[in-house]
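Submitted below is the structure of interest, expressed as structure tokens.
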Protein chains: 2
Amino acid sequence: MTPKVYLAGPEVFLPDAVEVGRRKVAICARYGLAGLFPLDLDGPAVAPTSSAIFQACCAAMREADAVIANLTPFRGVGADPGTAFELGYMLAFGRPVFGYTNDPLAHLERVRSGFGPLRTERGQFFAADGYAVENFELFDNLMLAEALLAHGGTGVFTPAAPARSDPGRDLGTFERCVSHAAAALRDGSWGEARPKTFP
Amino acid sequence: MTPKVYLAGPEVFLPDAVEVGRRKVAICARYGLAGLFPLDLDGPAVAPTSSAIFQACCAAMREADAVIANLTPFRGVGADPGTAFELGYMLAFGRPVFGYTNDPLAHLERVRSGFGPLRTERGQFFAADGYAVENFELFDNLMLAEALLAHGGTGVFTPAAPARSDPGRDLGTFERCVSHAAAALRDGSWGEARPKTFP
């Protein structure tokens, strides 16, 4: 059976989201995976309600064997909250969770570039907003990063080069993540990057 | 038995997070709830690893009967991704999910104030980043907002007045949310704000 993979990410908000979704699904197919793209779930519904979209996405996640999440920062230093929500949802179901970001910066550098110089106090970094900055050399909030390590067989996929010119549509890092996900789903190696203390 | 409520939110990053956590737990106690604050989970561990924190938070969520999430925007227009992740996690477990924000603005207004004027095209709003803006009159991404409606007995709690001077430490809206959560957990009314099509 072809494994089904829920394709979470803020690209659903692009004006050409349907086309980007088609490209993602086509890449999945080349690696033997069936991609479920949120915009394809409702069919040609006219003006769907937020409730109907929520229900359709939850149903698709429950149907999926895994999630591949686009965790590129969205309107802030971190991942789209809707995508982060879906990552947590899939993890709680015990499904493998895979993710990538088209922003190569670590969390600390993202905060520094978005909020100016950081101050240090007793070994901790603080941003100008008065909140401490996580400094675990992870790409985003530790819950997201550790979820991928605990239940994805590896950490987040990041671009090797500096940020691309069109991070919303660049699917190079996505494809590396798909390739890993396909292999990990095939050989069951998605749970091995951290000691198996997760449920 | 006293219901246990996991207290999710970015206040764990405040320099006085331990004190804010104590105040939140004390408010919960006044309403008959046992608050589980993430910083209290690890005990006095020295320099815990990101993996240990992740495991401790997941274990506490699995132990909790519900979550109360602080969904105030954090370093961007939307909720802290770690908190959004935890909301999805608890929803997938079928637990009641409650939430509040100390920012009274709707999502569309948040994007407008963070990214400048929006343009409209075929009835849709777009921000300067080229992405469409959800326009469902919700406070944040629809997955978060609808989760609260589907599995919390009501929508998000927001402050009546404009943003407070210290939104990270103002617990007035939190207390209203706790009061609702305590009543909803007592009488089982947390699943009724939307038709019960959720699992």
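The values are calculated or read from the model by the stated rules, or taken from the named source; none is laboratory data. These numbers come from a predicted model, not from an experiment. So basically every Cβ, Gly included, is an ideal-geometry build from the backbone, and we count neighbours across all protein chains shown. Note: accessible area is taken over every heavy atom of the protein model, side chains too, but ligands, DNA and RNA are not part of it. Shrake-Rupley method; radii C 1.70, N 1.55, O 1.52, S 1.80 Å.
Please go through segment A:69-111 and give me each residue that is among the charged types (D, E, K, R) and more than 17 Å from A:VAL178 (Cα to Cα), ordered by number.
Of everything in segment A:69-111, those that are among the charged types (D, E, K, R) and more than 17 Å from A:VAL178 (Cα to Cα) turn out to be A:ARG75, A:ASP80, A:GLU86, A:ASP103, A:GLU109, A:ARG110.
May I pose another question? Look at A:THR101 and say whether it is away from chain B (no Cβ under 11 Å) and out of contact with any Cys (no Cβ under 9 Å at 6 or more places or on another chain).
Yes, satisfied.
Let me ask something additional. Which condition number in (1) more than 28 Å from A:ARG95 (Cβ to Cβ); (2) open to solvent by 20 Å² or more (accessible area, probe 1.4 Å) is the one that B:ASP65 fails?
(1)
For segment B:86-132, what are the residues that are basic (Lys, Arg), open to solvent by 60 Å² or more (accessible area, probe 1.4 Å) and part of a helix (DSSP H, G or I)?
B:ARG112
Right, A:ALA84: touching a helix residue (DSSP H, G or I) at 6+ places or on another chain (Cβ under 9 Å) and either assigned by TED's automatic domain parsing to the domain that holds A:LEU144 or touching a residue at least 24 places away in the same chain (Cβ under 8 Å) (or both) or not? Steps first, answer last, please.
Working: touching a helix residue (DSSP H, G or I) at 6+ places or on another chain (Cβ under 9 Å): yes; either assigned by TED's automatic domain parsing to the domain that holds A:LEU144 or touching a residue at least 24 places away in the same chain (Cβ under 8 Å) (or both): yes.
Taking the combined requirement at face value, the residue satisfies it.
Sort out which residues of segment A:81-98 are of a type in the set (D, E, K, R) and facing another protein chain (nearest Cβ under 7 Å), and write them in order of number.
A:GLU86
Still on this structure, please answer the following. Answer yes or no: is there a residue in segment A:159-168 that is open to solvent by 10 Å² or more (accessible area, probe 1.4 Å) and modelled with pLDDT of 95 or more.
The answer is no; no qualifying residue exists.
Let me ask something else. Kindly provide the set of residues from segment B:97-140 that are closer than 19 Å to A:PHE54 by Cβ and in contact with an Asp or Glu (Cβ under 7 Å, 6 or more places away or on another chain), ordered by number.
Matches in segment B:97-140: B:ALA106, B:HIS107.
Just to be sure, is B:GLU146 assigned by TED's automatic domain parsing to the domain that holds B:ALA34, open to solvent by less than 30 Å² (accessible area, probe 1.4 Å) and at pLDDT 95 or above?
Details: assigned by TED's automatic domain parsing to the domain that holds B:ALA34: yes; open to solvent by less than 30 Å² (accessible area, probe 1.4 Å): yes; at pLDDT 95 or above: yes.
When the stated conditions are applied, B:GLU146 passes them.
Taking segment B:1-37, which residues are closer than 11 Å to B:ILE68 by Cβ, in a helix (DSSP H, G or I) and open to solvent by 50 Å² or more (accessible area, probe 1.4 Å)?
none
In addition: Take B:GLY123 and tell me if it is within 11 Å of chain A (Cβ to nearest Cβ) and at pLDDT 95 or above.
It is false that B:GLY123 is within 11 Å of chain A (Cβ to nearest Cβ) and at pLDDT 95 or above.
Per-residue answers, yes or no, for (1) more than 23 Å from A:ALA92 (Cβ to Cβ); (2) out of contact with any Gly (no Cβ under 8 Å at 6 or more places or on another chain); (3) touching a residue at least 12 places away in the same chain (Cβ under 8 Å); (4) of a type in the set (Gly, Ala, Ser):
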{"site": "A:LEU7", "(1), (2), (3), (4)": "no, no, yes, no"}
{"site": "A:VAL20", "(1), (2), (3), (4)": "yes, no, yes, no"}
{"site": "A:VAL25", "(1), (2), (3), (4)": "yes, no, yes, no"}
{"site": "A:PHE37", "(1), (2), (3), (4)": "no, no, yes, no"}
{"site": "A:ASP40", "(1), (2), (3), (4)": "yes, no, yes, no"}
{"site": "A:ALA52", "(1), (2), (3), (4)": "no, yes, no, yes"}
{"site": "A:MET61", "(1), (2), (3), (4)": "no, yes, yes, no"}
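I'd like the full set of residues that are within 15 Å of B:ASN141 (Cα to Cα) and either within 9 Å of chain A (Cβ to nearest Cβ) or not charged (D, E, K, R) (or both), limited to segment B:108-120.
Passing the criteria: B:LEU108, B:ARG110, B:VAL111.
I want to confirm something. Restricting to segment A:169-197 and keeping residues that are at pLDDT below 85 and either outside any loop (DSSP other than H, G, I, E, B) or charged (D, E, K, R) (or both), which single residue is farthest from A:ARG110 (Cα to Cα)? So that I can check it myself, show each step before the final result.
Taking segment A:169-197 as the starting set, the residues that turn out to be at pLDDT below 85 are A:191-197.
Still in the running and either outside any loop (DSSP other than H, G, I, E, B) or charged (D, E, K, R) (or both): A:191-192, A:194, A:196.
Values: A:GLY191: 28, A:GLU192: 28, A:ARG194: 25, A:LYS196: 30 Å.
It comes out as A:LYS196.
With the condition kept exactly as written, say whether any residue in segment A:87-101 is more than 22 Å from A:LEU33 (Cβ to Cβ) and among the basic types (Lys, Arg). Before you say what the answer is, go through the steps one by one.
To start, the set of residues in segment A:87-101 that are more than 22 Å from A:LEU33 (Cβ to Cβ) comprises none.
No, the conditions are met nowhere in segment A:87-101.
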